[in-house]
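Let me begin by presenting the structure, written as structure tokens, before commenting on it.
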Amino acid sequence: MVVAKGEWRIATLGSHSALQILKGAHDEGFPTIAICKKGKDKPYRQFKVADEILIVQEYTDLFKLEKQLKEKKAIIIPHASFVQYIGHEKMEKLSLPYFGCKKILEWESNRDKEKVWLTKAGLKLPKVFAKPEDIDRAVIVKFHGAGGGKGYFLAKNPKDFYKKIKAHPGKGYVIQEYILGVHMYAHYFHSPLTGETEIMGFDKRYESNVDGIGRITARDQMVLPQEKVDPSYVIVGNIPVVVRESFLPRFIEMGEDVVRESKKIVPKGLWGPFCLECVLTPEEEIYVFEISARIVAGTNPYIHGSPYTWIRYPEPMSTGRRIAREIKIAIEQNRLKEVLG
Ligand code: ATP
């Protein structure tokens, strides 16, 4: 692609949802840059989504590229790898144009702050137990900064908790009520230009080994070593889901409530893509156990659009493309500042 002088480009780290983000940017006419860790650049070359590939040793080397990226008029699109490998504190120091609200990353990264935000938005959250002695029902024990649910375990009472925690000495954790139901990850996009919070799609996660345990009988589970059958929640993929239509009004309101409340906690509030991670129970309750305040990998099955974006848009509209569309409209309307954090 020949880049016109002064033209904006879309840049992101080569991982997580970068294929989607860069493809979406191309669809909207932006030249693209992938910043890849050495040895991880193949997909971005093979799928031809990046007009330029910059190789770094570590993702934090993004800061060394600031001058170069500024000259190229690159707008950074964040995804989970920015939060996981660079961290929200460092990200706040990034001086490059950035799509979304940097300040909100702290609220999604800190479980206590996240709880305050979502509770104020009126969402139903699993109960959190302050100490192991209080456990009076099935709980899931999550480690701080675990990322992807590695080593999380279930416990049914304090005794069970103390037995299982032995395998994780010194780790910080949170004890959360285990909600029995089905998982549903709701993807949203909030446009600061129109003020609307759009439903982009839903997914469920494919997690190892919790999604594999059911493939063997209870008899065989009994003879396997304990550590093989203890459920673990390491995410390995995402599966598209369409939600029962009668749930939609609630999901739409939940997204709107989260955005409304975000404006009270950080200037300008949350905008762009975000995801509510939910469990739906047989009583038709929707519990939210986490929010991701940026694009989630669960939108990756919808590179050609989801059933919902297909209803709304005349062309295939992925979340990645929706981001680029928002930037494009903002540039056209001379409102770019409103979408950059
Ligand atoms: P990520 O940052 O990738 O979202 P994480 O380390 O923050 O991962 P969670 O998403 O909170 O972990 O949880 C991992 C998995 O554990 C979920 O995908 C879900 O399957 C399960 N899970 C988490 N909390 C609950 C809960 N309260 N009740 C039932 N299942 C839960």
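Within a straight-line Cα-Cα reach of under 12 Å, K103 can be paired with the following aspartates and glutamates, leaving aside sequence neighbours fewer than 8 residues apart in one chain: E89, E92. Going by accessible surface with a 1.4 Å probe and the largest first, S81, S109 read S109, S81. Measuring between their Cα centroids, the stretch 1-75 and the stretch 110-141 lie 38 Å from each other. Checking every one of the chymotrypsin sites (Phe, Trp or Tyr not before Pro) in the stretch 1-106 against DSSP loop status and a limit of 10 other Cβ atoms within 10 Å picks out no site at all. Looking at the stretch 5-87, none of the GluC sites (Glu not before Pro) sits in a DSSP loop with at most 10 other Cβ atoms within 10 Å of its own Cβ.
Name the residue farthest towards the positive end of the dipole of the chain from the options I86, P316, Y185, assuming +1 on Cβ of Lys and Arg, -1 on Cβ of Asp and Glu, about the Cα centre. Positive-end residue among those listed: I86. The distance separating the Cα centre of the stretch 244-282 from that of the stretch 168-242 comes to 19 Å. Charge dipole of the stretch 199-341 (Cα centre as origin; +1 on each Lys and Arg Cβ, -1 on each Asp and Glu Cβ, all else neutral): 660 debye, rounded to the nearest 20.
Surface calculation, 1.4 Å probe, protein heavy atoms: H168 sits at approximately 30 Å² accessible.
Mind putting a number on the dipole of the stretch 1-150 about its Cα centre? Charges go on the C-beta only, +1 for Lys and Arg and -1 for Asp and Glu, and I need it in Debye to the nearest 20.
Details: 28 positive and 19 negative charges, 21 e Å.
With only Lys, Arg, Asp and Glu charged at Cβ, the dipole is about 100 debye.
Once C-alpha pairs closer than 8 Å and six or more residues apart are averaged by separation and normalised to the residue number of the stretch 1-98, the relative contact order reads 30 percent. Dipole of the stretch 128-177 computed with +1 at Lys/Arg Cβ and -1 at Asp/Glu Cβ about the Cα centre; of G151, I140, A130, farthest Cα towards the positive end is G151.
Given 0.36 nm per residue, what is the gain on full extension from K93 to E58 after removing their alpha carbon distance, in nm?
Values: separation 35, 0.36 × 35 = 12.60 nm, distance 1.70 nm.
Roughly 10.9 nm would be gained on extension.
Quick one: plug the Kirkwood hydrodynamic radius of the stretch 128-177 (C-alpha pairs) into Stokes-Einstein at 20 °C, 1.002 mPa s, and report D in µm²/s. The calculation lands on 199 µm²/s.
Amide H contacts under 5 Å for R294: C275, restricted to partners 5 or more places along the chain or on a different chain, H placed in the peptide plane at 1.01 Å from N. At a Cα cut-off below 18 Å, give the aspartates and glutamates reachable from K164, other chains included and same-chain residues fewer than 8 away excluded. Hits, sequence-local ones excluded: E133, D134, D136, E177, E227, D230.
Cross-link pairs exceeding 27 Å in C-alpha to C-alpha distance, out of K166/K204; K73/K93; K37/K268; K72/K204, comprise K166/K204; K37/K268; K72/K204. In this rough spin-label picture, where each label sits 7 Å from Cα along the Cβ direction, the Y162-D220 distance is 3.7 nm.
What are the trypsin sites (Lys or Arg not before Pro) within the stretch 183-260 that DSSP puts in a loop, where the Cβ has at most 10 other Cβ atoms within 10 Å? Don't skip to the end; give the middle numbers.
Working: sites: K204, R205, R215, R219, K228, R244, R250, R260; in loops: R244.
Answer by residue number: R244.
Ranking I199, N238, M222 by how far each Cα lies toward the positive end of the dipole of the stretch 190-238 (charges on Cβ) leaves M222 at the top.
Taking all protein chains into account, the per residue accessible area for the stretch 203-304 stands at 52 Å² (1.4 Å probe). The charge dipole of the chain, taken about its Cα centre with unit charges on the Cβ atoms of Lys, Arg (+1), Asp and Glu (-1) only, comes to about 900 debye. Among the listed pairs K264/K337; K102/K156; K38/K70, which are separated by more than 27 Å between their Cα atoms? Exceeds cut-off: K102/K156.
The values are calculated or read from the model by the stated rules, or taken from the named source; none is laboratory data. As the structure is a prediction and not an experimental result, all values here were calculated from the model. Quick reminder, even Gly has a Cβ in these numbers, built from the backbone with ideal geometry, and neighbours come from all protein chains shown. What goes into the accessible areas is simple: the full protein's heavy atoms, side chains included, and nothing from ligands, DNA or RNA. Shrake-Rupley method; radii C 1.70, N 1.55, O 1.52, S 1.80 Å.
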